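Quick notes on the structure that follows.
The values are calculated or read from the model by the stated rules, or taken from the named source; none is laboratory data. This one's a predicted model, so the numbers in the text were calculated from it and none came from an experiment. We place every Cβ from the backbone using ideal geometry, glycine too, and count neighbours over all the protein chains shown. The accessibility values were calculated without ligands, DNA or RNA, using every heavy atom of the protein model including side chains. Shrake-Rupley method; radii C 1.70, N 1.55, O 1.52, S 1.80 Å.
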Amino acid sequence: MDRISVMKPWLGTAEIDAVAEVIASGWVAQGPRTAAFEEAFAQHQQVAHAVATSSCTTALHLALLVAGVGAGDDVIVPSFSFVATANAPTYVGARPVFADVDAATGNITAQGVREVLTEKTAAIIAVDQGGMPLDLAPLRQLCDELHLVLIEDAACAAGSTYQGAPAGVGADVSAWSFHPRKLLTTGEGGMLTTGNASWAQRARQLREHAMDVSAAQRHSSTLAPQESYGEIGYNFRMTDLQAALGLVQLGKLDAMVERRRALAARYQQAFAGIPGLRCVTDPGYGTSNYQSFWLEVGPEFPVDREGLLAQLASDGISARRGIMASHLQPAYAGHSGTTTALPVTERLTANTLILPLYHQLDEQQQDRVIASVLAQALAAAGGE
Ligand SMILES: *Cc1c(COP(=O)(O)O)cnc(C)c1O
């Protein structure tokens, strides 16, 4: 029996050829391919500016810097997210303050944010968790009213939509991930997008040691201009090897989303009406790319989350525990930004699991996953 993975990137000969071409060109660091990838990504995501980075984590770091968030500021974030969301504010000397999430989407809400506002709140990092688009309009309204910066951690959300437009468009600045756990991958890599030209320009310089002349500009001129360093910057660059991969992957993104949404619909149909199982589903206001397809295991189900994971593992299926809760990690033990109880976060992190879902998963494999999940429910219903 073949083992079924929880995820797999969709890579092929086009990616191999694209990377080989970059190697043959001799220009492997950030250069023309990175610029082309930025332009193509901005166009696909309907944003004015895209700045490629080494990861989403470094894009979040830059987003906070260009937005002027720093020491003494509070940044409201979900605890229910990969830990990088909470870590980013600490890199700039700010304090992450945890807001609880909505049980249906796993995302923070304007109401949840209001409950944890402080005098020092300067920004919000809202996440499109697992690709589920966040409900932007109420957060946008709140941020406009209180003059807060709205940052979108869209790490998982390439291909998700909000009110008919790509996710990430309505935030002041958004950060994307191209880690292989997401749909579109460059191995490691990220992107910062924004409508603000001066923020984009500053992000471009900060990712490259804050040099006022980019390495690409210097390398393409015979007599390089003298560069200067106006502030302390970072090396958060993407390489052209990664960007070449990204360009091919971007061309496949729409197909990936379509396939994942079809497979997600099959899971939703199979588990509809099973007592104690709840699948993630599209919210009314948008569509998910189903980067993570999660299932909540409730008390009416014959086994708990751990029991179901064990069942799947014994059937050769690799599933995963659901999204983590940062406030429960040792790194955030006793953290002053945990100012309220987070009951929905704790419920979801304890009772959800992520099922296999990726482009190449075929229907027969998916039926094996479905049968494994339903075996417990059917046995209980049979009254054995
Ligand atoms: C994956 C992920 C990140 C981190 O992305 P990297 O590119 O690995 O730095 C940040 N936030 C969320 C919500 C993620 O899912």
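Failed condition for A216, given (1) buried (at least 19 other Cβ atoms within 10 Å of the Cβ); (2) in the same structural domain as K182 (by TED's automatic domain parsing), with all others met?
So the condition that A216 fails would be (1).
Among V97, V69, which is closer than 26 Å to G322 by Cβ, more than 9 Å from the ligand (Cβ to nearest atom) and touching a residue at least 12 places away in the same chain (Cβ under 8 Å)?
Details: V69 fails: closer than 26 Å to G322 by Cβ.
The match here is V97.
Going by the conditions given, is L357 of a type outside the set (D, E, K, R), buried (at least 16 other Cβ atoms within 10 Å of the Cβ), assigned to a loop (DSSP other than H, G, I, E, B) and at pLDDT 95 or above? If you could, list the steps in order and put the result at the bottom.
Values: of a type outside the set (D, E, K, R): yes; buried (at least 16 other Cβ atoms within 10 Å of the Cβ): yes; assigned to a loop (DSSP other than H, G, I, E, B): yes; at pLDDT 95 or above: yes.
Judged against the criteria, L357 is a match.
Any chance the stretch 186-197 includes a residue that's among the small types (G, A, S), touching a residue at least 40 places away in the same chain (Cβ under 8 Å), open to solvent by 40 Å² or more (accessible area, probe 1.4 Å) and more than 17 Å from R237 (Cβ to Cβ)?
First pass over the stretch 186-197, keeping only residues among the small types (G, A, S): 187, 189-190, 195, 197.
The next check asks that each one be touching a residue at least 40 places away in the same chain (Cβ under 8 Å); those that pass are 187, 189-190, 195, 197.
This time we only want the ones that are open to solvent by 40 Å² or more (accessible area, probe 1.4 Å), so: 195, 197.
Retained after the next criterion (residues that are more than 17 Å from R237 (Cβ to Cβ)): 195, 197.
So far as the stretch 186-197 goes, yes, one or more of its residues are among the small types (G, A, S), touching a residue at least 40 places away in the same chain (Cβ under 8 Å), open to solvent by 40 Å² or more (accessible area, probe 1.4 Å) and more than 17 Å from R237 (Cβ to Cβ).
Hey, among E296, E346, which residue is at pLDDT 95 or above, in a strand (DSSP E or B) and more than 25 Å from A255 (Cα to Cα)? Give the steps one after another, and end with the answer.
On the way: E346 fails: in a strand (DSSP E or B).
Of E296, E346, the one residue that is at pLDDT 95 or above, in a strand (DSSP E or B) and more than 25 Å from A255 (Cα to Cα) is E296.
Any idea which of (1) open to solvent by less than 40 Å² (accessible area, probe 1.4 Å); (2) in contact with a helix residue (DSSP H, G or I) (Cβ under 7 Å, 6 or more places away or on another chain); (3) in a helix (DSSP H, G or I) is the one M256 doesn't satisfy?
Condition not satisfied by M256: (2).
Starting from residues that are of a type in the set (D, E) and within 16 Å of the ligand (Cβ to nearest atom), keep the ones in the stretch 136-155 and report whichever is nearest to the chain's Cα centre (by Cα). Before you say what the answer is, go through the steps one by one.
Pass one, the stretch 136-155, residues of a type in the set (D, E): 144-145, 152-153.
Narrowing further to those that are within 16 Å of the ligand (Cβ to nearest atom): 152-153.
Working: E152: 9, D153: 6 Å.
Of everything passing the filter in the stretch 136-155, D153 is nearest to the chain's Cα centre (by Cα).
Out of the residues in the stretch 118-134 that are more than 16 Å from the ligand (Cβ to nearest atom) and part of a loop (DSSP other than H, G, I, E, B), which is surrounded by the fewest Cβ atoms within 10 Å (Cβ to Cβ)? Even if it seems obvious, please write down each step before you answer.
Initial filter on the stretch 118-134 (more than 16 Å from the ligand (Cβ to nearest atom)): 118-122.
Then drop every residue that is not part of a loop (DSSP other than H, G, I, E, B), which leaves 118-120.
Details: T118: 13, E119: 5, K120: 12.
Ranking the qualifying residues of the stretch 118-134, first place goes to E119.
What pairs come out if I take residues in the stretch 108-135 that are among the hydroxyl-bearing types (S, T, Y) and pair them with residues that are open to solvent by 10 Å² or more (accessible area, probe 1.4 Å) whose C-beta lies under 6 Å away, six or more apart or interchain?
Short answer, once both residue conditions are applied: T109/D102.
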